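Written below as structure tokens is the structure these notes are about.
The values are calculated or read from the model by the stated rules, or taken from the named source; none is laboratory data. If you're wondering where the values come from, they're calculated on a predicted model, not measured in any experiment. All Cβ positions, even for glycine, are placed from backbone atoms using ideal geometry, and neighbour counts span all protein chains on display.
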Amino acid sequence: MKITLLGPPGAGKGTVAKALMAYDGSVQISTGDILRAAVAAGTELGKQVEARMAAGDLVTDELIMSIMEQRLQEEDCQQGYLLDGFPRTLPQAQALKALLQKLGEKLDCALELDIPRDVIIDRLTTRRTCTNCGEIYNVKSKPPRVEGICDVCGSEVVQRDDETEEAIEHRLEVYNEQTAPLIDFYRDEDLLVSVPTSEMEAVMEAIKSRL
Ligand code: AMP
């Protein structure tokens, strides 16, 4: 399967991607994870994107496309992939389409998780992330066994800089302005599958009936 996951921050794209990955061996490719790893490692790329990410602004299309052009040609992508957080703008969606055409490939679908705004805000403000392995927790529904410590790798679990209430409001505005237009783009491409939930059963049903 080659799927892109659409939906505002906090819609559950990462969780759905992981579940689908376990189902059919596709790889999850999260541009947010790639950039956060670069920031954590202090690379040139990390230094370039750190401030924009902390403010909840998008990094440039050129930068994202140069990362993704390489990433999508790596060996593990042959089995299929779940794009999580990419494309994020119309120019990225158009560039992805052109890149896939060049590679003789195409997306199977764009899966939109259409989740109400109040659910999103509640999820994001209570979300915590491991600074090392990226495991996601939630202070209400899935706290780590020991407060502030990752169950998986023992590293520190924190609230991301871009998950304060102020940054979240801004990220939702950025989503509405720059990413929501992709829903029409993929509808016109006849690739859009929309589900009003991130519950895996409903998501799987929608994908199966589409594929
Ligand atoms: P995410 O984890 O997907 O919410 O991404 C976190 C941050 O990384 C975003 O707020 C952006 O600053 C940056 N980012 C991730 N993916 C993209 C993308 N496709 N285009 C531009 N910026 C991105």
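The figures follow:
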read-out: Among residues of the stretch 67-103, those that are outside any helix (DSSP H, G or I), within 13 Å of the ligand (Cβ to nearest atom) and of a type in the set (Gly, Ala, Ser), counted; value: 1
read-out: Pair list, Cβ under 9 Å, 6 or more apart: the stretch 84-99 residue at positive phi, other residue among the aliphatic types (A, V, I, L, M); value: Gly85/Leu5; Gly85/Ile29
read-out: Residue within the stretch 131-139 that is modelled with pLDDT under 90, loosely packed, with under 14 Cβ neighbours inside 10 Å and within 19 Å of Ile34 (Cβ to Cβ) present; value: no
read-out: Selection status of Lys106, touching a residue at least 60 places away in the same chain (Cβ under 8 Å) and loosely packed, with under 15 Cβ neighbours inside 10 Å; value: yes
read-out: Hits in the stretch 105-134 (condition: among the small types (Gly, Ala, Ser) and within 23 Å of Asp61 (Cβ to Cβ)); value: Ala110
read-out: Flag for Ala54 being within 15 Å of the ligand (Cβ to nearest atom), surrounded by 13 or more Cβ atoms within 10 Å (Cβ to Cβ), under 21 Å from Gly12 (Cα atoms) and more than 15 Å from the chain's Cα centre (by Cα); value: yes
read-out: Subset of the stretch 54-68 [within 16 Å of Ala38 (Cβ to Cβ) and without any contact (Cβ under 8 Å) to a residue 40 or more places away in the chain]; value: Val59, Thr60, Glu62, Leu63, Ile64, Met65, Ser66, Ile67, Met68
read-out: Pro181 vs. criteria surrounded by fewer than 17 Cβ atoms within 10 Å (Cβ to Cβ) and touching a Leu at 6+ places or on another chain (Cβ under 7 Å); value: yes
read-out: Subset of the stretch 1-17 [among the hydroxyl-bearing types (Ser, Thr, Tyr) and either within 10 Å of the ligand (Cβ to nearest atom) or not in a helix (DSSP H, G or I) (or both)]; value: Thr4
read-out: Qualifying residue in the stretch 197-206 (condition: closer than 24 Å to Arg36 by Cα, buried (at least 16 other Cβ atoms within 10 Å of the Cβ) and in contact with a His (Cβ under 9 Å, 6 or more places away or on another chain)); value: no
read-out: Boolean, Asp61 is surrounded by 13 or more Cβ atoms within 10 Å (Cβ to Cβ), within 8 Å of the ligand (Cβ to nearest atom) and modelled with pLDDT of 95 or more; value: yes
read-out: Positions within the stretch 189-211 being among the charged types (D, E, K, R) and at negative phi, in sequence order; value: Glu189, Glu199, Glu201, Glu205, Lys208, Arg210
read-out: Where a residue in the stretch 145-171 is within 20 Å of Leu35 (Cβ to Cβ) and of a type in the set (Gly, Ala, Ser) and its partner, wherever it lies, is at pLDDT 90 or above and not in a loop (DSSP other than H, G, I, E, B), with Cβ under 8 Å and at least six apart; value: Ser155/Cys130; Ser155/Ile149
read-out: Members of the stretch 177-211 that are assigned to a helix (DSSP H, G or I) and at pLDDT below 95; value: Met200, Glu201, Ala202, Val203, Met204, Glu205, Ala206, Ile207, Lys208, Ser209, Arg210
read-out: Members of the stretch 18-66 found to be in a helix (DSSP H, G or I), of a type in the set (Asp, Glu) and within 25 Å of Glu177 (Cα to Cα), listed by number; value: Asp33, Glu50, Asp61, Glu62
